[in-house]
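**Q** Here's a structure for you.
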Amino acid sequence: MMPPHCFLCDRSLREGDPASSFTAVRFGINAQEEALEQDRDREGWVGHPSWVAWFCDEHTALAEDHSHLHWREAFELLRQHRRPSGPVK
Ligand SMILES: [Zn+2]
């Protein structure tokens with residue numbers, strides 16, 4: 001797994017947020033990707049699948065609203081929620 005880094009606002013552990021403020025959200029995959037994942041599981045692969053992304057506590061709910069979609073579609077929609085210039089506090 002990659003270290004926590006919000007897909008939407010680029011918050012990461014570097015900003016001093018604890019790892020517990022981040023959630024890895026898993027999105028939908030197609031049959032081919034499902035087969036790939038099963039192969040990887042059998043081989044004990046520990047990488048970061050394309051269909052899993054990190055979100056900070058502020059964006060996890062939005063991400064989960066999209067998690068039933070295929071990851072490519074979900075990522076496309078979520079990118080539209082990205083703010084142009086970093087998080088607004
Ligand atoms: Zn965020």
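Values quoted throughout were computed directly from the atomic coordinates according to the rules given, and no laboratory measurement underlies them. These numbers were taken from a predicted model, which means no experiment stands behind them. Here Cβ is always computed from backbone atoms with ideal geometry, including for glycine, and neighbour counts include all displayed protein chains.
**Q** Looking only at region 33-58, count every residue that is of a type in the set (G, A, S) and within 15 Å of the ligand (Cβ to nearest atom) and tell me the total.
**A** 1
**Q** Which residue is farthest from L78 (Cα to Cα), if the candidates are limited to region 3-32 and must be in contact (Cβ under 8 Å) with a residue 24 or more places away in the chain and away from the ligand (no atom under 15 Å from the Cβ)?
**A** Among them, the one singled out is N30.
**Q** Go through (1) away from the ligand (no atom under 16 Å from the Cβ); (2) free of Cβ contacts under 8 Å to residues at least 12 places away in the same chain one by one and return the number of the condition D65 breaks.
**A** Tallying (1) away from the ligand (no atom under 16 Å from the Cβ); (2) free of Cβ contacts under 8 Å to residues at least 12 places away in the same chain, D65 fails exactly one: (1).
**Q** If we scan region 5-17, do we find a residue that is among the hydroxyl-bearing types (S, T, Y), surrounded by 10 or more Cβ atoms within 10 Å (Cβ to Cβ), over 11 Å from the mean Cα position of the chain (by Cα) and part of a strand (DSSP E or B)?
**A** Yes, that holds for at least one residue.
**Q** Here is a further query. Yes or no: R79 more than 16 Å from the ligand (Cβ to nearest atom), under 13 Å from the mean Cα position of the chain (by Cα) and surrounded by 10 or more Cβ atoms within 10 Å (Cβ to Cβ)?
**A** no
**Q** When the residues of region 18-32 are narrowed to those that are buried (at least 17 other Cβ atoms within 10 Å of the Cβ) and of a type outside the set (S, T, N, Q), which ends up nearest to the chain's Cα centre (by Cα)?
**A** Out of the qualifying residues, it is V25.
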